[in-house]
Each structure stands twice: as structure tokens, then as C-alpha cells.
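What follows is one structure encoded as C-alpha cells, with my remarks underneath.
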Amino acid sequence: MTEPYTVLHGGFHKTATTFLQKSLQRNKGKLKKAGVHYVPHREIRKKYTVPCQQNAMWEMGLPRKTLIDNNTLHDMATTYFAPLVDDPPDRLILSDENLAGHCGNCVKVGKLYQFRHQFIGAFAKELPFPVHEIYFAVRNYADFFAAAYVEYCRSLQEVGPPYVSSRKMCTRVFHHMHGWNGVINIVTRHFPHAHIYLWRFEDFVNNDSMAPAILQRLVGEMVDVHKFNAPRGNSKRQSASARAMAELELLALTEGLPALVAQRQDIQSRYPRNAQNGRFDPWLPWERAHLNRLYADDIARLQTNKHVTLLDPATLGVLSVP
């Protein structure tokens, strides 16, 4: 069997993953003509990632509404990947930021993806092709968890687990903090033959040339990404303001989740992020300073990992924007 050169783009959340995915999706036709097949993230999430995670929860014996055993997952994966096995492209790009779990779970437990070992392992075991390259972005811990908390509040339902306040999240982070090195080590364990390429979210947003440089690495040399059509619409969703988040937390704590769910859209529209309403930041100054130091130290550690290449403006040959 001829195997495609398989590349995995795994996110993580709140690191501008959507922009890269929309760029690949918009230019899927151009990629196909060059022998590159991009699997849209929503498709692989529904048909493969979620079943893998349901299988992982079955393996752990967790009580969930839908669980999938090993034989069922194998049959589902075989059916899903059959067209690619029968007619393999030269290059295959898989992308899903939910590879290690949902960012709302990071808020609930104060960890970077509580079930990352089980979820990534389940994803890896049924792939029909070996993965050669893996691409991730990482982000400052304080900003990652702040952004994750906004998404957590946006995804809350009227009936669900007990509400987690932003202060409780911060406390749990300091009690259970696991850094990016631990996450990447899990990825390495389950994809031992793949090389991992990482970049800092902060570099990405401050250097316009990083996006096309990373896209070029993802798609390979057969396609010129400078000829790509730009993604449609604005892929960047406005972050909630400090005032809006304060109002939402007050509603949740005093009136309950139904009140938050009913009013969150109105509150976010009423208090947009601007100079008056400010930026949501749940951290005390000393907490943010500590997390900044931890992030810098962990990036330095990642640079010593033989399985990892850190992509930055210097290594990509792009101009740095002050």
C-alpha cells in the first residue's frame, strides 16, 4: 500500500488554530490538484476524534452517555479512512484542536487537558498511516487559561456540572499546573516517529509573515501558499471584556446558570471589549508574573527536546514586528 506523507496539525485551543484551518479549507481545491488532501477539522472531529474520545472514556470506565468499545472504534475508523487507503494522496493533512480534549475541561480541573494521554492515545492507535510531522502552537499560561475561561462561559448550558468561578479556576491551576512540556511528551509517546514543530502564539500574532510560513510547512513544497485565497470573513472572534465577564460571573453565582445562559449574548454585546470595559484578566499580579516566568522556562526546556523544533521569526526567516 502506498502511504501518504501524513501531517497532523493539532491546535491547541486559543492559539489562532482557526485561521490556519480556514486557510486550508478555502484552498482545498488548489491543494488537491497538487496531491495534497486536507481533512476539514469539523469532519475529522465528528467522524474520528469524538469516537476516539468516547472509546478512551470507555477504556477508563467513565460513566458517559455514549461510549465506544475497541472493536466498534476499529470498524468506524476503517470505514472512515477507507477512501484514503484505497486512493491515497501524496500528502495528507489532518487537523483538529480537540485532539487532547476540550479547553473547557482545562478550566474545570486547572490542568492542560486532563485526559490528554488517553485521548491522544486513542486518536493515534487507529490511524491507518504513520504521522511524520506534527504542528502545534503554545501560549502563555495566564492568557491561555483566561481565554479558555471565556470559552467555558460561552459553552455553559442551563443544566450541567457545578459552575466554576474564575477565581476557583486560578486556584486549581496553581494546585494542579502541568506545563506544555508534559503535553508534548505525551504527543511524543504516542507518535514516536514524528517530529514536532512548535511556535509561540505570541510570535504568531506579532508577525504577519509567520502564518504563510507555517502554512507552507504544512502543505509542503508542491503548493505556493502565497497564491492562496484568503479565508472568508473575520476568523478572529472578539474576546469578552472584563466588565462582561464580571457581570456573567455575578449572574451565575447569584441567580444560577439559567440566568447566565439567557443573558450572556446581551451582556457581551452591551459591554464590548474597549478602553472603558477592559480586558478580562482573572489573575492577581503575582500570579501572572509567576506564570510568565514558568512559560519562559518551559519554552527554554522545549528547545532542548530532540523531538521538537521551535519555529520563530528567526528560524522561519520572517521579519519581526516591534
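The values are calculated or read from the model by the stated rules, or taken from the named source; none is laboratory data. All figures in this text were calculated on a predicted structure; none of them were measured in a lab. Positions of Cβ are backbone-derived with ideal geometry, glycine not excepted, and every protein chain shown enters the neighbour counts.
Just one of (1) under 17 Å from the mean Cα position of the chain (by Cα); (2) part of a helix (DSSP H, G or I); (3) aliphatic (A, V, I, L, M) fails for LEU112. It is (2).
Conditions (1) assigned to a helix (DSSP H, G or I); (2) closer than 26 Å to GLN118 by Cβ, marked per residue:
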{"residue": "ALA147", "(1), (2)": "yes, yes"}
{"residue": "GLY160", "(1), (2)": "no, yes"}
{"residue": "GLY182", "(1), (2)": "yes, yes"}
{"residue": "VAL187", "(1), (2)": "yes, yes"}
{"residue": "ASP203", "(1), (2)": "yes, no"}
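Suppose the filter is surrounded by 13 or more Cβ atoms within 10 Å (Cβ to Cβ) and either part of a loop (DSSP other than H, G, I, E, B) or of a type in the set (Ser, Thr, Tyr) (or both); does PRO272 pass it? Full working, then the answer.
Details: surrounded by 13 or more Cβ atoms within 10 Å (Cβ to Cβ): yes; either part of a loop (DSSP other than H, G, I, E, B) or of a type in the set (Ser, Thr, Tyr) (or both): yes.
In short, yes.
Okay, residues lined up against (1) part of a loop (DSSP other than H, G, I, E, B); (2) not aromatic (Phe, Trp, Tyr):
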site	(1), (2)
GLU221	yes, yes
ALA252	no, yes
LEU260	no, yes
GLN268	no, yes
TRP286	no, no
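When ARG64 is tested against (1) in contact with a Leu (Cβ under 7 Å, 6 or more places away or on another chain); (2) without any contact (Cβ under 8 Å) to a residue 40 or more places away in the chain; (3) not β-branched (Val, Ile, Thr), only condition (1) is not met. Of the candidates ALA146, ALA122, the single residue that is more than 30 Å from MET245 (Cα to Cα), in contact (Cβ under 8 Å) with a residue 24 or more places away in the chain and of a type in the set (Gly, Ala, Ser) is ALA122. Inside the range 87-109, residues that are over 16 Å from PHE12 (Cα atoms) and either assigned to a loop (DSSP other than H, G, I, E, B) or under 11 Å from the mean Cα position of the chain (by Cα) (or both) make up a count of 4.
Considering every residue within the range 59-78, establish whether at least one is assigned to a helix (DSSP H, G or I) and among the basic types (Lys, Arg). Scanning the range 59-78, I find no residue that is assigned to a helix (DSSP H, G or I) and among the basic types (Lys, Arg), so the answer is no.
Residue count for the range 16-64 under the criterion of being more than 20 Å from TYR5 (Cα to Cα) and among the hydrophobic types (A, V, I, L, M, F, W, C): the result is 9. Just so you know, in the range 252-268 the residues that are without any contact (Cβ under 8 Å) to a residue 40 or more places away in the chain and under 26 Å from the mean Cα position of the chain (by Cα) include one that is nearest to VAL150 (Cα to Cα), and it is GLN268.
Within the range 5-44, being within 27 Å of ARG116 (Cβ to Cβ) and of a type in the set (Gly, Ala, Ser) holds for GLY10, GLY11, ALA16, SER23.
Answer yes or no: is there a residue in the range 289-300 that is assigned to a helix (DSSP H, G or I), of a type in the set (Ser, Thr, Tyr) and modelled with pLDDT of 95 or more.
First, pick out the residues of the range 289-300 that are assigned to a helix (DSSP H, G or I): 289-300.
Filter once more, so that each one left must be of a type in the set (Ser, Thr, Tyr): 295.
Now restrict to residues that are modelled with pLDDT of 95 or more: 295.
Checked against the condition, which is being assigned to a helix (DSSP H, G or I), of a type in the set (Ser, Thr, Tyr) and modelled with pLDDT of 95 or more, the range 289-300 yields at least one hit.
Go through the residues of the range 128-145 one by one and say whether even a single one is at pLDDT below 95, part of a loop (DSSP other than H, G, I, E, B) and of a type in the set (A, V, I, L, M, F, W, C). No, that holds for no residue.
Can you tell me which residue within the range 162-173, out of those that are in contact with a helix residue (DSSP H, G or I) (Cβ under 7 Å, 6 or more places away or on another chain) and part of a helix (DSSP H, G or I), is surrounded by the fewest Cβ atoms within 10 Å (Cβ to Cβ)?
Taking the range 162-173 and keeping what is in contact with a helix residue (DSSP H, G or I) (Cβ under 7 Å, 6 or more places away or on another chain), we get 163-166, 169-170, 172-173.
Still in the running and part of a helix (DSSP H, G or I): 166, 169-170, 172-173.
Working: SER166: 22, MET169: 20, CYS170: 21, ARG172: 18, VAL173: 24.
Checked the range 162-173; the qualifying residue surrounded by the fewest Cβ atoms within 10 Å (Cβ to Cβ) is ARG172.
Candidates in the range 1-39 are the residues that are on the phi > 0 side of the Ramachandran plot and crowded, with 20+ Cβ neighbours inside 10 Å; of these, the one that is farthest from the chain's Cα centre (by Cα) is LYS14. Pairs are defined by a Cβ separation below 6 Å, a sequence spacing of at least 6 or placement on different chains, a first member in the range 24-41 that is under 16 Å from PRO88 (Cα atoms) and in contact (Cβ under 8 Å) with a residue 40 or more places away in the chain, and a second member that is part of a loop (DSSP other than H, G, I, E, B) and among the acidic types (Asp, Glu); the pairs so defined are GLY35/ASP90.
Counting residues in the range 107-130 that are hydrophobic (A, V, I, L, M, F, W, C), in contact with a strand residue (DSSP E or B) (Cβ under 6 Å, 6 or more places away or on another chain) and surrounded by fewer than 23 Cβ atoms within 10 Å (Cβ to Cβ) gives one or more.
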